[in-house]
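Let me begin by presenting the structure, written as structure tokens, before commenting on it.
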Amino acid sequence: MNVKTISRNVGYALLVSALFMFLSILVSLANGNDSALAALLISFTITFTVGIFPFIFVRKSPEISLRDGYMIIVLSWLLSFIFGMLPYALWGGPFTIVNAWFESVSGFTTTGSTILDNIEELPNSLLFWRSATHFIGGLGVVVFLLLIIPSSSQMRLRLTSLELSSLSKREYRSGASKTVLIFTNVYLGMLVASFLSYLIAGMSPFDAINHAMSVTATGGFSTRNLSVGAFNSVPIDIITMVFMFLSSIHFGMTYVAIATRSLKPFRNDIFKLYLGILVTVSAVATVSLKANGIEGSWGDAALSGSFHVLSYASTSGLAIADTGDWPALPSALLILVGIICGMAGSTSGGIKSDRALLLFRQVKNQLRQVLHPASVNEVRINGRVVRQEDLAPHILYIALYFLMAIISIAVCIIFSSDSMHSIVATLSSLSNVGPAVGDLGTMDSFAAEPAGAKLMYTLDMFLGRVEIYPILAVIMMVFSRKNK
């Protein structure tokens, strides 16, 4: 491995965090030097110094190997988590070391789980930093690096291939430079559009920018204890739903639709599956909420049901009501849509509807093969044949996802006496949803969870955000070096 190349490029990731810490300092100054100013100043100084260090003492090395690429990705994320927890830990309050780590990982991975029982006690600058970690993590700390690397560089091509899932590039093939720019432009465009929409709907500029960063990244951090429900505004609820949906569909599809001024990109098998899941589950949730008296009118039931189904499916985690009070059926459906989630090429987590569709069609294909051994059957997506060698990694990913879930649940049960908490929190964390159900629903926090379980949940969040393979690759690299 080329330590110089790795250190320089990981330094970029830390400088991105330092930039947003500096913006948080400005927020603190604008609010009369609030109580987080000292914590943010110290955090900024440490993060900036460590981030700039390789550029001063390490000569530029443009070469990058496959191993270097995986190490850059994993270390960029891990060090972002570590330095990102500094403002919380230094500010204190409810932030023990474990809690600060949990909040930082949850923010950067756009999971949105929190250990805070009273979010509104935080100073505005720290609230801004929480939302900023969503913004950084939604686009991806490595994508910020890719924006800096020259488009002709082999490093950019290699890192693009490693950071962006092959699922996200299958239907909208383009060069490494264009792929990064498409994702960035759509992401920033939705950030601006959601911010302006929230302003028009009556949010303050501070609330609007924080919720815009959260909804665009499908994160879930809010400035209010009651999340979006605190504003008690149907227009704000609808705006949030629109951008949760847009942020959970393929950015390339959105880009092509806008560029061509055509709805043709939405004639997509994966999009149809995702939309069908949303409509079906929302209808079931609506009926269940009304039938069980959770909501008084059909209108309220439809709004609450569809909002929260979309929130979990997009892995946004924002809320307008407490899902902890929901009956068993809609609660189970929330967990289900949180596992399948949105489309590849978006900021949502989970297995992705793409892989779910591949699995469904492969099972169908296999059943046909059993019934008609002499027949030739192919898996097709959008009219294209998916080769078995391309299909296998995604089926394996689903198997790995549930294997990791089983291991994590077993570990968390050791630390926690409540096995249900372990199950729902693990699935929520591994899919980057944020809130779970029951006692860990939308209006609850993870504050009471044991420290060991919290650490396990953060590992799940990390695995879910980078889609398992890069972490396993780095672990294999480390152990292979030890065995030599």
(request) Answer yes or no: is there a residue in segment 72-80 that is of a type outside the set (Phe, Trp, Tyr), open to solvent by 30 Å² or more (accessible area, probe 1.4 Å) and over 24 Å from the mean Cα position of the chain (by Cα). (result) no
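Looking only at segment 1-32, filter to residues that are of a type in the set (Phe, Trp, Tyr) and over 14 Å from LEU127 (Cβ atoms); which one of those is most open to solvent (accessible area, probe 1.4 Å)? If you could, list the steps in order and put the result at the bottom.
Taking segment 1-32 first, the residues of a type in the set (Phe, Trp, Tyr) are 12, 20, 22.
Retained after the next criterion (residues that are over 14 Å from LEU127 (Cβ atoms)): 12, 22.
Numbers: TYR12: 55, PHE22: 91 Å².
It comes out as PHE22.
I'd like the full set of residues that are under 19 Å from the mean Cα position of the chain (by Cα) and either assigned to a loop (DSSP other than H, G, I, E, B) or surrounded by fewer than 20 Cβ atoms within 10 Å (Cβ to Cβ) (or both), limited to segment 429-453.
Our first condition is that a residue be under 19 Å from the mean Cα position of the chain (by Cα); within segment 429-453, this holds for 429-437, 440-442, 445-446.
Within segment 429-453, SER431, ASN432, VAL433, GLY434, PRO435, ALA436, VAL437, GLY441, THR442, SER445, PHE446 meet the criteria.
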(message) Which residue is farthest from LEU139 (Cα to Cα), if the candidates are limited to segment 466-484 and must be open to solvent by 50 Å² or more (accessible area, probe 1.4 Å) and not in a loop (DSSP other than H, G, I, E, B)?
(response) LYS482
(request) Test each condition in (1) under 17 Å from MET244 (Cβ atoms); (2) of a type in the set (Ser, Thr, Tyr); (3) open to solvent by 10 Å² or more (accessible area, probe 1.4 Å) for SER311 and report the one that comes out false. (result) (3)
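Go through segment 56-71 and give me each residue that's over 15 Å from MET476 (Cα atoms) and either modelled with pLDDT of 85 or more or aromatic (Phe, Trp, Tyr) (or both).
Residue satisfying the conditions is PHE57 alone.
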(message) Being touching a Lys or Arg at 6+ places or on another chain (Cβ under 6 Å) and touching a residue at least 40 places away in the same chain (Cβ under 8 Å) is the requirement here; does ILE64 meet it?
(response) yes
(message) From the list SER35, SER65, exactly one residue is open to solvent by 40 Å² or more (accessible area, probe 1.4 Å), within 28 Å of GLU467 (Cα to Cα) and of a type in the set (S, T, N, Q). Which is it?
(response) SER65
(message) Take ILE398 and tell me if it is in a helix (DSSP H, G or I), touching a helix residue (DSSP H, G or I) at 6+ places or on another chain (Cβ under 9 Å) and open to solvent by 20 Å² or more (accessible area, probe 1.4 Å).
(response) no
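Is it true that some residue in segment 175-183 is assigned to a helix (DSSP H, G or I), surrounded by fewer than 21 Cβ atoms within 10 Å (Cβ to Cβ) and at pLDDT 75 or above? First the steps, then the outcome.
Narrowing segment 175-183 to residues assigned to a helix (DSSP H, G or I): 176-183.
Among the residues that remain, those that are also surrounded by fewer than 21 Cβ atoms within 10 Å (Cβ to Cβ) are: 177-178, 181-182.
Okay, now just the ones that are also at pLDDT 75 or above, so 181-182.
Yes, segment 175-183 contains at least one residue that is assigned to a helix (DSSP H, G or I), surrounded by fewer than 21 Cβ atoms within 10 Å (Cβ to Cβ) and at pLDDT 75 or above.
The values are calculated or read from the model by the stated rules, or taken from the named source; none is laboratory data. Only a predicted model underlies this, so the values are computations on that prediction, with no experimental measurement involved. Glycine gets a Cβ as well: all are built from the backbone with ideal geometry, and neighbour counts include every protein chain shown. Each accessible area value is taken on the protein alone, full model and side chains, heavy atoms only, with ligands, DNA and RNA left out. Shrake-Rupley method; radii C 1.70, N 1.55, O 1.52, S 1.80 Å.
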